[in-house]
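Here the structure is laid out as structure tokens; the discussion comes afterwards.
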Amino acid sequence: MPGNSGLLSVKNGMSEHIKKVYSFYSWIYDAFFGKIFEHGRYVAFQMMDVKANETILEVGVGTGLSLPLYARNVKVIGIDISQEMLEKAERKKQYYHLSNVDLYNMDASSMTFASNTFDKVIASHVITVVTDPLRTLNEIKRVCKKDGEIFILNYTGCNNNIISSFEKFISPFRDKVGLGKHVDLNELLRGVNLSVISERRVNFLEMCRLLKCKNNPA
């Protein structure tokens, strides 16, 4: 792991705009987004089925809402591009005495972890907001152990065609306010050779997809 435990900083090249947006959201995230995405967060944790002594990477750990869910015999690494979000996650770490958790300020598209490090990787509400989704997925795949499991939880829109068309239309606006742009998640997964093992629709109006993928060897 890069450096020592605790809240550490690693230079990243992510969009300054995105960092500023999430720095702003950090003050309201738990009260607003935390409640909206609560259902998906718990379903994702159940789907992960974390075992003792596994090492987990949370990409886009945010304010650390999911950190208290993990057993103390599981090693959890959380990364995020927003220092303000991570500071809130660090407070949760201290409050719940989570000595099994390390937090890093890091760009998900250029991680400093060694290849084949993590048993399981989860990226919650990340893929549609990063500058380069394909590169980010390739990095997630690289740091996950071969035949490990990768979980992707993301807003992907409504199944209703009319609503879906409207969502695509307002995608540029959503991107500017940090709510994510429209992406073809299936195409991205094919591009990085990730096979979907199982899938759930979660959160309000089932607008988010929760995917469990197998990290296929190249």
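The values are calculated or read from the model by the stated rules, or taken from the named source; none is laboratory data. Given the structure is predicted, the values throughout are model-derived calculations rather than measurements. Reconstructed Cβ throughout: ideal geometry from the backbone, glycine too, with neighbour counts over all protein chains shown. SASA here: full protein model, heavy atoms, side chains in, ligands and nucleic acids out. Shrake-Rupley method; radii C 1.70, N 1.55, O 1.52, S 1.80 Å.
Just a few scattered comments:
- Spin-label pair Ser115/His39, simplified geometry with 7 Å Cα→Cβ offset, distance in nm: 4.1 nm
- Under 12 Å from a label point set 7 Å out along the Cα-to-Cβ vector of Ser99, the amide N atoms of segment 41-75 belong to 72-73.
- Theoretical FRET efficiency, 1/(1+(r/R0)^6), r = Cβ-Cβ of Asn53 and Arg200, R0 45 Å, to 0.05: 0.95
- Largest first, the residues Lys214, Lys88 sort by 1.4 Å accessible area into Lys214, Lys88.
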